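Student: One structure is given below, represented as structure tokens, and several questions about it will come after.
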Amino acid sequence: MDKSWLINSMTNEICENFLLYKTAKEMWDAVKETYSTKENTAEQVDIVNVLHDLRQGDLTLTNYYNILGRHWQQLDVYEEYDWNCPEDAAKYQKIVEKRQLFKFLLGGLNKDLDEIRGRILGTKALPIIREAFTEVKREESRKKLMLGKQTAVAITESSALATRGQSSNNGGNQRQQKGRPWCDHCKKHGHTKDTSWDIYGKPADWKPRSNGRDS
């Protein structure tokens, strides 16, 4: 048993009480003596309740997984069984690992990861939880990458549509102007240089329109 593993499996408040032990065995024996007693049933219940209620929600996948792992390790400190047969201990450990896998996948993982969850649970031989976490993390990274690409494509298409729309409007204006008379003197549409009022003045019979605009 590694001393660093024991330290990492405990909260800071608990860990501070056992840092001075020289070996992992001494630390483990002290932890067992302190916490593996019937008087700590309330603490075990608290941990079980936290694990039951824990959901990923706004947590990152890594944070969700780490919080689960930390509470499972704390629960291991409280739970200790004297097995008469090593095979029974191994079987029980597999049962615990399967429960942990189900909690990770079914008991709190966000809905947007349903596809990878289904693929993992559909395999003939279920992976251990560390392997499942790796697969889910890989799928999460892939989805984020694809979402980023889709966003970039959507922005590009939106810009292209805006550009085409502007070009279409400009083209429409040009088509409206096409075919109308053009004055080289005034640089305006609506008349020619030969009929420009700036050069020849207004016709004698000209009358202003009601809206005040010249023709």
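The values are calculated or read from the model by the stated rules, or taken from the named source; none is laboratory data. Just so it is clear, the structure is predicted and the values come from calculations on it, not from any experiment. Using ideal geometry, Cβ is built from the backbone for each residue, glycine included, and neighbour counts are taken over all protein chains shown.
Student: Might you check whether a residue that is part of a helix (DSSP H, G or I) and modelled with pLDDT of 90 or more occurs anywhere in region 83-90? Write out each step before concluding.
Tutor: First pass over region 83-90, keeping only residues part of a helix (DSSP H, G or I): 86-90.
Adding the requirement that they be modelled with pLDDT of 90 or more leaves none.
Checked region 83-90: no residue is part of a helix (DSSP H, G or I) and modelled with pLDDT of 90 or more.
Student: Picking from 142, 130, 138, 119, which residue would you name as being in a helix (DSSP H, G or I), within 18 Å of residue 69 (Cα to Cα) and without any contact (Cβ under 8 Å) to a residue 24 or more places away in the chain?
Tutor: 130
Student: Six or more apart or on different chains, Cβ under 6 Å: which pairs go from a residue in region 19-32 that's under 18 Å from residue 79 (Cα atoms) to one that's β-branched (Val, Ile, Thr) and assigned to a helix (DSSP H, G or I)? Could you list them?
Tutor: Within 6 Å, the pairs are 31/77.
Student: Does region 168-184 include one or more residues that are among the hydrophobic types (A, V, I, L, M, F, W, C), at pLDDT 65 or above and more than 48 Å from the chain's Cα centre (by Cα)?
Tutor: Let us first name the residues in region 168-184 that are among the hydrophobic types (A, V, I, L, M, F, W, C), namely 182-183.
With at pLDDT 65 or above added as a condition, the list becomes 182-183.
Going one step further and asking which of them are more than 48 Å from the chain's Cα centre (by Cα), we end up with 182-183.
Yes, the conditions are met somewhere in region 168-184.
Student: Something else about it: Restricting attention to region 53-106, which residues are under 31 Å from the mean Cα position of the chain (by Cα) and of a type in the set (Gly, Ala, Ser)?
Tutor: Step one: filter region 53-106 for residues under 31 Å from the mean Cα position of the chain (by Cα), giving 53-75, 96-106.
Correct list: 57, 69.
Student: I'd like the residue in region 1-33 that is hydroxyl-bearing (Ser, Thr, Tyr) and at pLDDT below 75 and, out of all such residues, is surrounded by the fewest Cβ atoms within 10 Å (Cβ to Cβ).
Tutor: Filtering region 1-33 for residues hydroxyl-bearing (Ser, Thr, Tyr) gives 4, 9, 11, 21, 23.
After this cut, where a residue has to be at pLDDT below 75 as well, the list is 9, 11.
Details: 9: 17, 11: 11.
Among those that are hydroxyl-bearing (Ser, Thr, Tyr) and at pLDDT below 75, it is 11.
Student: Please find, within region 30-64, the residue that is farthest from residue 97 (Cα to Cα) out of those that are of a type in the set (S, T, N, Q) and part of a helix (DSSP H, G or I). Show your work before the answer.
Tutor: So in region 30-64, the residues of a type in the set (S, T, N, Q) come out as 34, 36-37, 40-41, 44, 49, 56, 60, 62-63.
Filter once more, so that each one left must be part of a helix (DSSP H, G or I): 34, 40-41, 44, 49, 62-63.
Details: 34: 25, 40: 23, 41: 22, 44: 18, 49: 18, 62: 18, 63: 19 Å.
Looking at the filtered set, the residue picked out is 34.
Student: State yes or no: is residue 67 surrounded by 11 or more Cβ atoms within 10 Å (Cβ to Cβ) and in contact with a His (Cβ under 6 Å, 6 or more places away or on another chain)?
Tutor: Judged against the criteria, residue 67 is not a match.
Student: Say whether the condition of being in contact with a Leu (Cβ under 6 Å, 6 or more places away or on another chain) and farther than 30 Å from residue 33 by Cβ is met by at least one residue in region 50-65. I'd like the intermediate steps shown before the answer.
Tutor: The first filter runs over region 50-65 and keeps only residues in contact with a Leu (Cβ under 6 Å, 6 or more places away or on another chain), leaving 56.
From what is left, the residues that are farther than 30 Å from residue 33 by Cβ are 56.
Among the residues of region 50-65, at least one is in contact with a Leu (Cβ under 6 Å, 6 or more places away or on another chain) and farther than 30 Å from residue 33 by Cβ, which makes the answer yes.
Student: Does any residue of region 65-76 turn out to be touching a Ser or Thr at 6+ places or on another chain (Cβ under 6 Å) and either small (Gly, Ala, Ser) or part of a helix (DSSP H, G or I) (or both)?
Tutor: Filtering region 65-76 down to residues touching a Ser or Thr at 6+ places or on another chain (Cβ under 6 Å) leaves 73.
From what is left, the residues that are either small (Gly, Ala, Ser) or part of a helix (DSSP H, G or I) (or both) are 73.
Yes: region 65-76 contains one or more residues that are touching a Ser or Thr at 6+ places or on another chain (Cβ under 6 Å) and either small (Gly, Ala, Ser) or part of a helix (DSSP H, G or I) (or both).
Student: Another question, if that's okay. I want to confirm something. Restricting to region 37-64 and keeping residues that are among the polar types (S, T, N, Q) and either surrounded by 13 or more Cβ atoms within 10 Å (Cβ to Cβ) or at pLDDT below 90 (or both), which single residue is farthest from residue 113 (Cα to Cα)? Step through it out loud before you land on a result.
Tutor: From region 37-64, those among the polar types (S, T, N, Q) are 37, 40-41, 44, 49, 56, 60, 62-63; that's our starting set.
Then drop every residue that is not either surrounded by 13 or more Cβ atoms within 10 Å (Cβ to Cβ) or at pLDDT below 90 (or both), which leaves 37, 40-41, 44, 56.
Values: 37: 39, 40: 37, 41: 35, 44: 30, 56: 11 Å.
Taking the candidates together, the pick is 37.
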